[in-house]
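Rule-based calculations on the coordinates, nothing more; no lab input. All of these numbers come straight from a predicted model, not from anything done at the bench. Glycine also receives a Cβ, built like all others from the backbone with ideal geometry; neighbour counts cover every protein chain displayed.
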Amino acid sequence: MAKPENEITWKDLNVGFVVDEPGNASVYRTGDWRSQRPLYNRERCIRCGTCYIYCPDMAIKILEDGYIEHDLYYCKGCGICVQECPTGAITMVEEEEKDGD
Amino acid sequence: MDKYLDRLGIYAARLVSQKEYFVPGHRACQGCAEALAVRLMSKASRTNTVIACATGCIEIFSSPFPLTSWMVPGIHVAFENTAAVASGIESGLKAIMRKGRIPLKKINVVGIAGDGGTSDIGLQALSGALERGHNMVYVCFDNEAYMNTGIQRSSSTPFGASTTTSPAGKVVPGQTTWKKNMPEIAAAHDIPYVATACPSYPFDLMEKVRKAAEIEGPAYIHILSVCPTGWRLPPELSIHAGRLAVETGVFPLYEVERGRYKLSIDLPELRPVQEYFRIQGRFRHLTEEMVNKIQRRVREEYEKLKKKVMMTREG
Amino acid sequence: MMADKEVVRFKINDTEVEAEKGMMLLPVALEYGFEIPHLCYHEALSPGGMCGLCVVEVTKEGRTRVAMSCKYPVEEGIKVATDTEKIRQVRKRAWEVLLARASRSEVIRSMAQAAGVKETTLEKRDDDCILCGLCERVCREIVGANALTITRKGDRREVVPNPEACIACGACVYICPTDCIKMEEKGDERTIVRWNRTLKMQKCKSCGRPFAPIFQLNWIIDKANLSKDFYELCPICRKSS
């Protein structure tokens, strides 16, 4: 896995702009961008997978039993899953203020 | 049409592979339908793929050096030569396979560019590549402006849309030319497969990418990518906007397979275009007269398309 | 992020591979790029073992036998061969069985031809269903409507619908590998042709367009405990309001 961005120096970069680690962008925490976060109501979920297929950030995982889990490391809080869920099982709430990390 | 891929409202999403070939951590805006389209395309084309990607939103958000969201090999090309480099990759692979340097294997060569990099500056290279008949797929991700550099107009910007270089003012109300019909231009090159797609219809999009990759010869796919940032709409409505674009007839979904036109979704009646314009800030200035003018033209174009379907029907 | 699962190391076609304990051979082989034909396997469903195409030879502790890779769990130290003479013979026979089961299917005929099998001497079924069971499995394991059953009476296997239970969601239409389950929409009715299930569709209160079968919507309302008028509007009009 690549070093987090703020630790990379010019010495770590490949010559010629060659990127030799596929998918190393997964170190980047896009979850920091959020101003609102999804809230999942398991009771209302019919396990259809619609939220999973429409997430532009691949931040929804379908678990073994068919229910879902949001990956808050990546979730940008766009709200598409809320709109697309056929039963309204997901709602958006304000992201809390966090001190430090 | 047989599988009614657009009607699969529930449960079919559970049957899609859980493996992601485009990983999270990319820098697309919240709610970017283009990112979703790239994700779906990658799911359909999987690992045996080489990408040639032009400068634009996709290249910037998917691969900010030294990080990349791609799981397949690729090359960042200059703004105008996606199709040229993709042709080169295809010919190069053919040559080294013939010489036995790498084992014979089906490798999908996919050229990716935005609407600027396709219908504007990329048109020459595209036309050449399609004419030469390379075995490749060209995908145009159309967000209807030069979004990456701050929402400037392109030839794919629809009539009446406000951008920074076609601003809506008192005298000139936004874009003054009609959207360039790229799928028709591609079809005119007599290639085996042309299709339009939208990530709001994910199964349809994945099926079309799969078909395009399988077909021998050049294939062209035009994907409407809703841009909440540039089109001025709330990010959660990206998918909804894409659906409206299709159901109002503004962006019809169809395929042209060896000259045969086929509609991908059955729309007995088009929704009024005002439903589509109403949710977007870039159309906020449209007068009733303009909306009617656009509505008429959209209906006309859709009728033309339906006639082509009838005319090219088999038997 | 992922719990540490026990990793098993073995060989496929002389290549060292490794996989999580509990996985079956077929998905692991496909992941590594080995080509093993399969028709009744789907990663989201339990293994079928009905098409017979995914056979491989497994050598374990000196003994070699033919096994269906979709149902064989990975084991430490085994040697798997995907393309031996014996396997080719077994697969040829599997194609003949499929051709007999679905004698009307063009899809199967062209697939079999590509695999080098042109005809079958077995008794033919006048159908285009290969009895892979994917439709039954998806309806039971994922949708939960349980609208299909496979009756097993010796050599007479059939997929039988339970028409009152079908919600016409189209999952079986989507997953069928031979495309023999078709969905049709005419006016405000949707039909899953193979199961003879026609359902009236709900018309949107705003735009008037039929968008989903009423029976399906009521089924969802029941499952998710929603209000009775939850689906008065179609998905598009609901978002526009």
(message) As a quick test, which of the pairs B:LYS19/C:LYS5; B:LYS208/C:LYS186; B:LYS43/B:LYS105; B:LYS19/B:LYS99 have an alpha carbon distance above 22 angstrom in this structure?
(response) B:LYS208/C:LYS186; B:LYS19/B:LYS99
(request) List the residues whose amide H sits under 5 Å from the amide H of B:ALA168, counting only those 5 or more places along or on another chain, with H placed 1.01 Å from N in the peptide plane. (result) B:THR163, B:GLY174
(message) Show me, for the stretch C:108-113, the HN-Hα J-couplings you get by feeding each phi into the Karplus relation (A = 6.51, B = -1.76, C = 1.60, θ = phi - 60°), rounded to Hz, glycine and proline as x.
(response) 5, 4, 6, 5, 5, 4
(request) Can you give me the three principal axis dimensions of the protein assembly as shown from its C-alpha atoms, in Å, biggest first? (result) 83, 65, 63
(message) Using a 10 Å cut-off around each Cβ, can you sort A:TRP10, B:TRP178 from fewest to most neighbouring Cβ atoms?
(response) A:TRP10, B:TRP178
(request) Take chain B, connect every pair of alpha-carbon atoms lying under 10 Å apart with a spring to form a Gaussian network, then pick out the residue of B:GLU20, B:GLU90, B:GLU80 with the largest mean-square fluctuation. (result) B:GLU20
(message) For a quick check, take a GNM of chain B with Cα springs below 10 Å and name the residue from B:PRO199, B:PRO228, B:PRO268 with the largest mean-square fluctuation.
(response) B:PRO268
(request) Pull out a ≥ b ≥ c, the square roots of the eigenvalues of the alpha-carbon gyration tensor of chain B, then state rounded if a/c is under 1.5, prolate if not and a/b is larger than b/c, and oblate in the remaining case. (result) prolate
(message) Given axes a ≥ b ≥ c from the Cα gyration tensor, I'd like to know whether the stretch B:208-315 is rounded (a/c under 1.5), prolate (a/b larger than b/c) or oblate.
(response) oblate
(message) Neighbour counts of other C-beta atoms within 10 Å: give me B:PHE61, B:PHE141 arranged from fewest to most.
(response) B:PHE61, B:PHE141
(message) Output wanted: per-residue J couplings in Hz (rounded whole) for the stretch B:300-312, from phi through Karplus 6.51 cos²θ - 1.76 cosθ + 1.60, θ = phi - 60°, x for Gly and Pro.
(response) 4, 4, 5, 5, 4, 4, 4, 5, 4, 4, 5, 5, 9
(request) Extending each Cα 7 Å along its Cβ direction at C:ARG156 and B:SER127, get the distance between those two points in nm, one decimal. (result) 6.7 nm
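For a test of the definition: using alpha carbon positions, the gyration tensor, and the 1.5 limit on a/c, classify the stretch C:1-94 as rounded, prolate or oblate. Show your work: numbers first, answer last.
Numbers: a/c = 2.00, a/b = 1.27, b/c = 1.57.
Oblate is the answer for the stretch C:1-94, as a/c is 1.5 or above yet b/c matches or exceeds a/b.
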(request) Give the residue from B:TYR146, B:PRO199, B:ALA212 lying farthest towards the positive end of the charge dipole for the stretch B:106-249; charges sit on Cβ (+1 for Lys and Arg, -1 for Asp and Glu) and the dipole is referred to the Cα centre. (result) B:TYR146
(request) Whole Å is fine, so just give me how far the alpha carbon centre of the stretch B:138-153 lies from that of the stretch B:18-90. (result) 15 Å
(message) Can you give the FRET efficiency to the nearest 0.05 for A:TRP10 and C:GLU123, using r as the Cβ-Cβ distance and R₀ = 56 Å?
(response) 0.15
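Local charge sum around B:MET41 (other residues, Cβ-Cβ under 13 Å, Lys/Arg +1, Asp/Glu -1)?
Residues near B:MET41 contribute +2 overall.
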(request) Report, ordered by chain and residue number, the lysines lying within cross-link reach of B:LYS170, taken as a straight Cα distance under 26 Å and ignoring same-chain residues fewer than 8 apart. (result) B:LYS179, B:LYS180, B:LYS293
(message) Between C:ASN146 and A:LYS61, what's the calculated FRET efficiency when r is the beta-carbon distance and R0 is 25 Å? Round to 0.05.
(response) 0.45
(message) Please rank B:MET97, C:MET183, fewest neighbouring Cβ atoms within 10 Å first, as an exposure proxy.
(response) B:MET97, C:MET183
(request) Using only Cα atoms, locate the centre of the stretch A:19-66 and the centre of the stretch C:98-124, then give the distance between them in Å, rounded to an integer. (result) 42 Å
(request) Under a cut-off of 19 Å between alpha-carbon atoms, report the lysines in cross-link reach of C:LYS124, not counting same-chain residues fewer than 8 places apart. (result) C:LYS92, C:LYS153
(message) Per q in 0.10 Å⁻¹, report the Debye log10 I(q)/I(0) for chain C, using one uniform scatterer on each alpha carbon and no solvent.
(response) -0.63
(request) List, in order, the whole-Hz ³J(HN,Hα) value for each residue of the stretch B:201-215 obtained from phi through the Karplus relation with A = 6.51, B = -1.76, C = 1.60 and θ = phi - 60°; use x for Gly and Pro. (result) 10, x, 5, 4, 5, 5, 5, 5, 5, 4, 4, 4, 5, 6, 5
(request) Quick one: compute the contact order of chain B, relative version, from alpha carbon pairs under 8 angstrom and 6+ residues apart, as a percent. (result) 17 percent
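At 222 nm, what helix-only mean residue ellipticity would the protein assembly as shown give, in deg cm²/dmol to the nearest 500, using -39500 (n - 2.57) for each DSSP H run of four or more?
-7500 deg cm²/dmol
With contacts defined as alpha carbon pairs under 8 Å and 6 or more residues apart, what's the relative contact order of chain C in percent? Mind showing how you got there, number by number?
Working: 415 pairs, mean separation 28.1, N = 241.
Relative contact order comes out at 12 percent.
I'd like the FRET efficiency for A:ASP32 and B:THR164, computed as 1/(1 + (r/R0)^6) with the beta carbon distance as r and R0 of 25 Å, rounded to 0.05.
FRET efficiency, A:ASP32 to B:THR164: 0.30.
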